[in-house]
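The structure's right below; bear with me while I get my questions together.
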Amino acid sequence: MLDALGMLGAGFAHVMQGGAAFHALWATLVGIVVGALPGLTATMGVALLTTLTFSMDHSVALLVLVCVYVGAIYGGSRSAILLNIPGTPASAASTLDGYPLARQGLAGRAMGISTSGSWLGTLFGTLCLALFAPVIGEYALEFQSYEMFWVAMFGIVIAGSLAGGDPLKGYIAGFLGLWVATVGQEANHAYARFAFGSTDLAGGLGLLPVLVGVFGVAEVLSAMRGPAVRAVSSRIDSVIPRIRDVLRYWRTVLRSGAIGTFIGAMPGLGEDIAAWTSYAAAKRGSREAERFGKGSIEGLMAAETGESACVPGAIIPVLTLAVPGSAPAAVLMAAMMIHGLNPGPMLAIQTPEFIYQIVAMLIVADMVKLFYGLLLVRPLLWVLLIPRERLMPVVLVLCTVGSYAITSRLFDVWVMLGAGLVGFVLRELRFPMAPLVLGIVLGDLLDKNLLRGLVLSGGDVTPFFTRPISAVLAALVALMFLMSIPPVNAWVSRRMRGALGALLRRRPA
Amino acid sequence: MSESGEAPETHPPFAGERAPVSPRADLIAAAVLLAFGLGVLGLALRMPTFVEQSGTGLTAPGIVPGFHGTVIAVLSLLLGLRAVRRGGLRGGGGSGAAAGVPAATKREDALRLFVAAALGTLYAGFLVGRLPFWLATALFVFAFTAGFEWTLGRAGRPRRLIEAAALALGTGWAVQLVFEDLFLVRLP
């Protein structure tokens, strides 16, 4: 415990050296603006800033990216409350009660609730990260190739099952992502897969250009397609959070924090599912459930706490298993790799202090977020007034610069463009993007560990199913997959209901 | 703190993201993905196995992409069968997200999308790398902003064009300054 506190102190000292406060201030502001602007998401913000921080020291670069991530998830609630338009998909649940509150003339109070809920959520999630990441990291050291293969498969299956509402399309998106990761030279024989003689393709499709395309270019196209709508104006009262609101709903804050962190730690699910799940749980447990959707303070608090707790939650598997918990966390993980850090089980051995540096970064970002939450209302309204016809071309320019900057190849700009167009079509066909991103990130992990496992066992596949952790993970993957088949799901639900009914009938006797 | 807000014009970017698409669209997507999956499988099978080097062939580069291709093909087949069961082969293709939207609106949306995609492709695919970056950027931003704002009507058009030109030149200059000079990032 004292060791952990010492490392946390050292983490703060390390993070706050140099001009860190200045970087935290501007990066969180950029994050909030990106999050607040409809059409720009946290994933895109983190991806674009990754290129900007390319030449920075790695701890400053990661501080900037963590601040952007934390700020963007919070910023989405501004437009959700004021315009009834979620700035990021994560803020969709906040529109349900945030906008009705704004229409009742309580926009300021709604933003105060959003600020306090979001601040407490990130703080709760960060505490969980500090407590559980080292433990999970130590446990993950037991994992060998067989287990890591199943971790990757588990990520794809759980993200595919839950991320988009249609598991079949989720799985297809996940495997498309896994395929993208196989393009280029493989590790064992340096054979260029799917290169067709092109030296550019032999180098592989860069993770960041693909992500910038899928989340940047595709979003620009989505935003430009439909007609502009005129949002309802609202007056803004005091944005100072009320302690009474927080104290009254402390159970909701704790429950939403726990749900948000847990969902964040599940591979590929992300902030939007965390917000919706927290909201649904709060509604089920509330004494004033009838107010939900009509301007419930508890509902808004639950959604905001859940989505913000998800941010540190999504970083837990990045640090312990090298498996991102959400799309922005996937980009953050890529940024860690670009900066020479090695997220995953070995992190606890090689650089145990890094976990606490991330904790310190999250706390700094959370504090700066609180500061802006209290002050930044009027300037954000001006930002929201920028017409998309003027904003989107600038975003596309930034996407282009971002794709080019990492390796200075024009090929990466074309990859971004291609990924954007394909990503847009896939989105239009309702293929979820989270499993696709997770597939691209986990592709290498799955590829190497499957082949390594086969080589170690001499071609025998039984260790993939008989080693204890492998067996549990394989069973979970099979269960998730089977439960996503509607007839199986219906049959299991029927049997469960029957068994539960029989149990309840037996109890009075 | 008491402040009042204006009425900003914004487009909800995530609206309808969860609305289902028509079975016909699913069927076409399934056919394309099935062909893609089978194509990946075919290419994976044609990859060398390196049996001489590894002794077992277990490190063959085609194993993993072959597995992915097979799964994509099988899942696409299931998607196609589901689309057929939902009426993908019937005329009209069933109801989808676009059902109920007037034809004129659909045409206008398609035109906006085409213009945005074409300008983006022209910029990132052709202009960047051929022209100085600031010039390519300024041309693109001006064409994009002026083009989309052209439909707003004659009133105020000269002013909007001047603003678009200022935005274009400002973006070209600012991106060069911030990325190349401040953050030492190389530009195309």
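For A:Arg193, enumerate residues with amide H under 5 Å from its amide H, sequence gap 5+ or separate chain, H modeled in the peptide plane.
It is A:Gly184, A:Gln185, A:Glu186, by chain and number.
While we're on this one: Carbon and sulfur atoms: what percent of the 1.4 Å accessible area of the stretch A:350-419 do they account for?
Reported share for carbon and sulfur atoms: 76 percent.
Among A:Cys310, A:Leu40, A:Ala274, pick out the residue whose Cα is farthest towards the positive end of the charge dipole of the protein assembly as shown, where Lys and Arg carry +1 and Asp and Glu carry -1 on C-beta, about the Cα centre.
A:Ala274
Leaving out ligands, DNA and RNA, and with a 1.4 Å probe, what % of the accessible surface on the stretch A:433-509 is carbon or sulfur?
Result for the stretch A:433-509: 69 percent of the exposed heavy-atom area is carbon or sulfur.
Pairs of Cα atoms under 8 Å, at least six residues apart: use those to get the relative contact order of chain A, whole percent.
Normalised by residue count, the contact order of chain A is 27 percent.
With a 1.4 Å probe and all protein chains kept in place, how do A:Glu219, A:Glu428 rank by accessible area, largest first?
A:Glu428, A:Glu219
Now for a different question. Apply the Debye scattering formula to the stretch A:61-198, with a single equal point scatterer on each alpha-carbon and no solvent, then give log10 I(q)/I(0) at q = 0.09, 0.10, 0.20 Å⁻¹.
-0.49, -0.60, -1.18
Right, next: Taking the Cα centre of the protein assembly as shown as origin, work out the dipole magnitude from +1 charges on Lys and Arg Cβ and -1 charges on Asp and Glu Cβ, in debye rounded to 20.
Dipole magnitude for the protein assembly as shown comes out near 2520 debye.
Short version: ³J(HN,Hα) in whole Hz for each residue of the stretch A:318-326, in order, from phi by Karplus 6.51 cos²θ - 1.76 cosθ + 1.60 (θ = phi - 60°), x for Gly and Pro, what are they?
4, 6, 9, 10, 6, 10, x, x, 7
Which three extents, in angstrom, do the Cα atoms of the stretch A:377-509 have along their principal axes, listed largest first?
Principal extents (largest minus smallest coordinate, Cα): 70, 52, 30 Å.
Using a 1.4 angstrom probe on protein heavy atoms only, which residues from the stretch A:201-223 are buried by at least 30 Å² of accessible area when all chains are present rather than their own chain alone?
With the partner chains in place, the stretch A:201-223 has these residues losing at least 30 Å²: A:Leu221.
Am I reading the B/A interface right? What is its buried accessible area, both sides, 1.4 Å probe, to the nearest 100 Å²?
7900 Å²
Per-residue counts of other Cβ atoms within 10 Å, averaged by peptide: what ranking do you get for B:47-57, B:127-137, highest first?
Descending packing order for the listed peptides: B:127-137, B:47-57.
Short version: which residues of the stretch A:396-414 lose at least 10 Å² of accessible area, all chains versus chain alone, 1.4 Å probe?
A:Leu396, A:Val397, A:Leu398, A:Thr400, A:Val401, A:Tyr404, A:Ala405, A:Ser408, A:Leu410, A:Val413, A:Trp414
Related question: Semi-axes, largest first, in whole Å: what does sqrt of 5 times each Cα gyration tensor eigenvalue give for the protein assembly as shown?
On the way: eigenvalues 258, 206, 160 Å².
Result for the protein assembly as shown: semi-axes of 36, 32, 28 Å.
List the equivalent ellipsoid semi-axes of the stretch A:242-398 in whole Å, largest first, each obtained as the square root of 5λ for an eigenvalue λ of the Cα gyration tensor.
For the stretch A:242-398, the semi-axes come out at 29, 24, 15 Å.
Where in the stretch B:151-188 does accessible area fall by at least 50 Å² between the isolated chain and the complete protein assembly, at a 1.4 Å probe radius?
Listed in order, they are B:Phe179, B:Phe183, B:Val185, B:Arg186, B:Pro188.
Relative contact order of the stretch B:21-153: what whole-number percent is it, with Cα pairs under 8 angstrom and at least 6 residues apart?
Over the stretch B:21-153, the number comes to 28 percent.
Give me the 1.4 Å probe accessible area per residue for chain A, excluding ligands and nucleic acids, in Å².
Per residue, chain A has 36 Å² of solvent-accessible surface.
Can you give me the Kirkwood hydrodynamic radius for the stretch A:443-500, using every pair of distinct Cα atoms, in Å to one decimal?
13.6 Å
Still on this structure, I have one more. Can you figure out the FRET efficiency of B:Trp173 with A:Met346, using R₀ = 60 Å and their beta-carbon distance, to the nearest 0.05?
Using R0 = 60 Å, I get an efficiency of 0.85.
Same structure again: Can you give the log10 of the normalised intensity I(q)/I(0) at q = 0.17, 0.23, 0.34 Å⁻¹, computed with Debye over equal Cα scatterers of the stretch A:419-461?
Per q value, in the given order, log10 I(q)/I(0) is -0.59, -0.74, -1.05.
The values are calculated or read from the model by the stated rules, or taken from the named source; none is laboratory data. Because the structure is predicted, anything quoted here is derived from the model rather than measured. Please note: Cβ atoms are built from the backbone with ideal geometry, for glycine as well, and neighbour counts cover all protein chains shown. The area values use the complete protein model at the heavy-atom level, side chains included, leaving out ligands, DNA and RNA. Shrake-Rupley method; radii C 1.70, N 1.55, O 1.52, S 1.80 Å.
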